[in-house]
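My questions all concern the structure below.
The values are calculated or read from the model by the stated rules, or taken from the named source; none is laboratory data. The structure presented is a predicted model; accordingly, all values stated were derived computationally and were not measured. Positions of Cβ are generated from backbone atoms using ideal geometry, with glycine treated the same way; all protein chains shown enter the neighbour counts.
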Amino acid sequence: MLKFTKNQSRVLKLFFENPDQSFYFRQIGTLIHRQPGFFQREMEKLVKSGLLLDEYKNNCRFFTLNKKHILYKDLKNIFHKTHNPDSNLKNILH
């Protein structure tokens with residue numbers, strides 16, 4: 001079973017809502033309302049799993065969603081169904 005931590009879910013939600021954007025640590029922290037230290041380890045796990053890609057530009061580490069990941073389409077559908085305010089699936093699961 002695939003299970004994400006709260007911080008991983010927040011990060012993935014940001015990326016699935018903005019699939020064509022790349023973000024750096026502090027920017028992600030601002031957007032998900034967390035200090036980078038609280039989710040840095042979770043980001044490493046997402047990169048290691050292949051869900052996120054990382055690259056360095058001008059001494060900043062940027063992250064993007066890996067659209068070629070084997071689970072991308074499935075996870076995208078799940079996140080849109082469970083994190084959409086109008087979703088009945090979210091109410092059923094909680």
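Filter the range 1-37 down to the residues that are hydroxyl-bearing (Ser, Thr, Tyr), within 13 Å of the chain's Cα centre (by Cα) and under 26 Å from Asn59 (Cβ atoms), then identify the one that is surrounded by the most Cβ atoms within 10 Å (Cβ to Cβ). Reasoning before the result, please.
Keep residues of the range 1-37 that are hydroxyl-bearing (Ser, Thr, Tyr), which gives 5, 9, 22, 24, 30.
So of that shortlist, the ones also within 13 Å of the chain's Cα centre (by Cα) come out as 5, 9, 22, 24.
From what's left, under 26 Å from Asn59 (Cβ atoms): 22, 24.
Working: Ser22: 18, Tyr24: 16.
Ranking the candidates gives Ser22 first.
Here is a follow-up. Take Phe62 and tell me if it is farther than 18 Å from Lys3 by Cα, crowded, with 16+ Cβ neighbours inside 10 Å and not aliphatic (A, V, I, L, M). Spell out the reasoning first.
Details: farther than 18 Å from Lys3 by Cα: yes; crowded, with 16+ Cβ neighbours inside 10 Å: yes; not aliphatic (A, V, I, L, M): yes.
When the stated conditions are applied, Phe62 passes them.
Considering only the range 20-40, I want to know if a residue exists there that is of a type in the set (Lys, Arg) and outside any helix (DSSP H, G or I).
yes
Exactly one condition in (1) touching a Lys or Arg at 6+ places or on another chain (Cβ under 9 Å); (2) exposed (fewer than 13 other Cβ atoms within 10 Å of the Cβ) is not met by Phe79; state its number.
Against the list (1) touching a Lys or Arg at 6+ places or on another chain (Cβ under 9 Å); (2) exposed (fewer than 13 other Cβ atoms within 10 Å of the Cβ), Phe79 comes up short only on (2).
Further question on the same structure: Can you find a residue that is at pLDDT below 95 and touching a Gly at 6+ places or on another chain (Cβ under 7 Å) anywhere in the range 27-36?
Checked the range 27-36: at least one residue is at pLDDT below 95 and touching a Gly at 6+ places or on another chain (Cβ under 7 Å).
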